[in-house]
Amino acid sequence: MKRKARLLVVDDDPGLLRLLTIRLRAENYEVEAVESAALALAALARVRPDLVITDLRMDQMDGIGLLKEIQSRAQGLRVIILTAHGTIPDAVQATQSGAFAFLTKPVDKQELLDQVQKALKVSGFADTSEDWRSEIITRSAVMEERLAQAHMVAGTDARVMITGESGTGKELLARAIHRASPRRNRPFVAINCSAMAENLLESELFGHVKGAFTGAIREHRGLFQAADGGTLMLDEIGDMPMRLQVKLLRVLQENQVRPVGSTEATIVNVRIISATHRDLKQLIMGGLFREDLYYRLNVVHIDIPPLARRREDVPLLISHFLEKIAKEIGAQRHIYAPEAVELLVSAEWPGNVRQLENVVRQNVALATSPIMSAELVQAALGGGPSRLPSFDEARDEFTRNYLSQILQITGGNVSQAARLAKRNRTDFYKLLARHSLTPEDFKQR
């Protein structure tokens, strides 16, 4: 089922806010109405709007301030600004700040609707159903921001670079972008650039003609041609050999692919999504990755946070995996004891979501009753029990690290450090004493 476009409308005039909401809902838009910029920012992750319409003149934070905050939090989200004071300087400032449109109150209904439709089209909103993201299980605000960014870019042909630790779900996000894109009915093809030898990878990507090398007994189209009209995901792009990076760069520049052993190139129409867990800038500095290729691939960058930064998702993921496993084996669904869930939530998860799924599968396989205990979880995790630090412990660790960093910056100069921290010297000395830090230890010798 296709979903409605979601609009976030912001105005500190309750009457006008109500009027705008009625007009937009009458046009079959889903509208969230709020009376301040602060409430709008708080609603971003929850509402996941496709477009924001905001008043210019508001108390505390005005429409331009809201626009700038949105640009930092939700890249690609379009903003239409309304104002009762349609001065030329205001229009210039709004346009220079990146507003999609600047309309003067009282707003002409048809002009507003036309601008809304144009903004949604430019932002890549497609009448896709919510199942485009159904494989990604989350309630994390950070992940919702990444998904909003992914949905924005899905409607364009911009190349996307997805980064994140192994097991975070980079391919799932790539598939979600494809499903939300106009290419959704064309192929999605993924290849792991680190999983095969250089010559085999070259043949898989670009194809080969019959007789191109020993064993080439028939023509092979290659994945660029197989994905024509659709999306090609280059996973672990950081492991691609340098010679193939040169060949890939030429394909991206010319939109043509020449199979191994052929003298003729074939035009291809493919959207590229690449992914890596490695630091490509470090590889560039080490001469292992081409800088020009990096900028060709990294048009839009989406970084997926590790599971340790989205612990609120662990119970959701556990429930999802248990349901999935029960369907696979045709058995009653298992559940975890409360202490076992606490243990899973507080675990480190260096292998991220993939490791969590493996642990759940192991627990189900070894469970002797429908309720799985903390002991079973601990045995699967190995090592001693881990735990989430308390609020006080986390605060103390942050404060100690902050004070150490600021003393390092100032070379142990307490007066300068106190000024940077915006605290008076007496309070600053008390903080240092509380956290057993001595300024002399940071003085440069």
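The values are calculated or read from the model by the stated rules, or taken from the named source; none is laboratory data. Just so it is clear, the model here is predicted, and its values are computed rather than measured. Every residue, glycine as well, gets a Cβ built from its backbone with ideal geometry; the counts of neighbours run over all protein chains shown.
Here are the numbers:
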{"item": "Number of the exception - residue 84 against (1) at pLDDT 90 or above; (2) touching a Pro at 6+ places or on another chain (Cβ under 9 Å); (3) not hydroxyl-bearing (Ser, Thr, Tyr)", "result": "(1)"}
{"item": "Test result for residue 37, in contact (Cβ under 8 Å) with a residue 12 or more places away in the chain, surrounded by 17 or more Cβ atoms within 10 Å (Cβ to Cβ) and over 21 Å from the mean Cα position of the chain (by Cα)", "result": "yes"}
{"item": "Selection within region 212-230 - exposed (fewer than 15 other Cβ atoms within 10 Å of the Cβ) and over 13 Å from residue 267 (Cα atoms)", "result": "213, 214, 215, 217, 218"}
{"item": "Any hit, region 415-438, residues being under 33 Å from the mean Cα position of the chain (by Cα), in a helix (DSSP H, G or I) and of a type in the set (Ser, Thr, Tyr)", "result": "no"}
{"item": "Filter result (over 15 Å from residue 177 (Cα atoms) and touching a Phe, Trp or Tyr at 6+ places or on another chain (Cβ under 9 Å)) within region 228-240", "result": "237, 238, 240"}
{"item": "Entirely in region 1-105, the helices (runs of 4 or more DSSP H) that have 3 or more residues that are more than 30 Å from residue 301 (Cβ to Cβ)", "result": "14-26, 88-97"}
{"item": "Residue 313 over 30 Å from residue 419 (Cα atoms) and not basic (Lys, Arg)", "result": "yes"}
{"item": "Tabulated pairs, region 325-336, first assigned by TED's automatic domain parsing to the domain that holds residue 370 and hydroxyl-bearing (Ser, Thr, Tyr), second outside any loop (DSSP other than H, G, I, E, B) and surrounded by 11 or more Cβ atoms within 10 Å (Cβ to Cβ), C-beta under 6 angstrom, 6+ apart or interchain", "result": "336/372"}
{"item": "Residue in region 192-211 that is closer than 30 Å to residue 49 by Cβ and surrounded by fewer than 21 Cβ atoms within 10 Å (Cβ to Cβ) present", "result": "no"}
{"item": "Those residues of region 137-160 which are closer than 27 Å to residue 253 by Cβ, surrounded by fewer than 21 Cβ atoms within 10 Å (Cβ to Cβ) and modelled with pLDDT of 90 or more, in sequence order", "result": "157, 158, 159"}
{"item": "Filter pass, residue 258 being modelled with pLDDT under 95, assigned by TED's automatic domain parsing to the domain that holds residue 188 and surrounded by 15 or more Cβ atoms within 10 Å (Cβ to Cβ)", "result": "yes"}
{"item": "Qualifying residue in region 409-430 (condition: in contact (Cβ under 8 Å) with a residue 24 or more places away in the chain and under 30 Å from residue 307 (Cβ atoms))", "result": "no"}
{"item": "Test for residue 102: is it surrounded by 18 or more Cβ atoms within 10 Å (Cβ to Cβ) and modelled with pLDDT of 85 or more", "result": "yes"}
{"item": "Condition broken by residue 342, with the remaining ones in (1) part of a loop (DSSP other than H, G, I, E, B); (2) surrounded by 12 or more Cβ atoms within 10 Å (Cβ to Cβ) satisfied", "result": "(1)"}
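Results for (1) among the aromatic types (Phe, Trp, Tyr); (2) under 24 Å from residue 309 (Cα atoms); (3) modelled with pLDDT of 95 or more, shown as yes or no for each residue.
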residue: 329; (1), (2), (3): no, no, no
residue: 339; (1), (2), (3): no, yes, no
residue: 352; (1), (2), (3): no, yes, yes
residue: 360; (1), (2), (3): no, yes, yes
residue: 363; (1), (2), (3): no, yes, yes
